[in-house]
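Okay, structure first, notes after.
Each value in this text was obtained by applying a stated rule to the coordinates, not by laboratory testing. Since we're looking at a predicted model, the values are computed, not measured. Ideal geometry is used to build each Cβ from the backbone, glycine not excepted, and the neighbour counts take in all protein chains shown.
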Amino acid sequence: MGSTQYRNHPPQAGFDLQQIENKVFSTNPKKWGNYMKAENINPFIESVAETFENMLETTIETGAPVLNDDTKGTPDIIGVIGLSGTAQGIVALKLPVKTALNVVGKMVGMEFRGVDSSIIDGVGELVNIIAGNAKAKFEGHAISLSLPTVVRGSIYRLNNLGDTVWLTIPFKSELGEFALSVSFRPAVVPEKEVAHAGAHSR
């Protein structure tokens, strides 16, 4: 296990990467033990910070990542996007309703009192931007993104994949609290397919 820490915005006490990686390894060492590491998660943390700071003019505070955070029953609006190519996984942006209204309102310069199609579209656009920015930070990967999907409910209602490992990073901002859940692992892809994916990935 390495000693790299998850990057934090703004700087706080270091996260216990050793403990997190040990938990991931014990969950499914063959499939996940070598992949849910800081170098594979930091691009997503950085992308969230940059997106909120640059697009929403809002600074964020990053909490300590937790493994398979159980948020059953939480009435979140979840923007989901899939990763394929030389890495496979799912990125899920989880926004409580109040946060979603504030964030999308800031994006479009309007005030929202309830969830409508504009909120759903805005959350989908936001997770697409975050995943796209994170994708650009990975070196040596040719990653394609699926179209975003927006659902209501908890991350555990999203799918029933028993061996999926979710790493959830909580955030705080003046627009409200939210979280990003990531399931990520490199895939073994022939070199020809890597070149093809790099040329056609969005």
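Summary of computed values
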item: Rounded FRET efficiency, nearest 0.05, which uses the C-beta distance separating Lys172 from Met110 and R0 of 25 Å; result: 0.60
item: Inter-label distance, nm, simple model (7 Å from Cα along the C-beta direction), Lys98/Glu39; result: 4.1
item: Zone residues, region 117-150, relative to Ser84, backbone N less than 11 Å from point 7 Å out along Cα-to-Cβ; result: 144-147
item: Förster radius 30 Å - calculated FRET efficiency between Met55 and Glu139 (Cβ-Cβ, nearest 0.05); result: 0.80
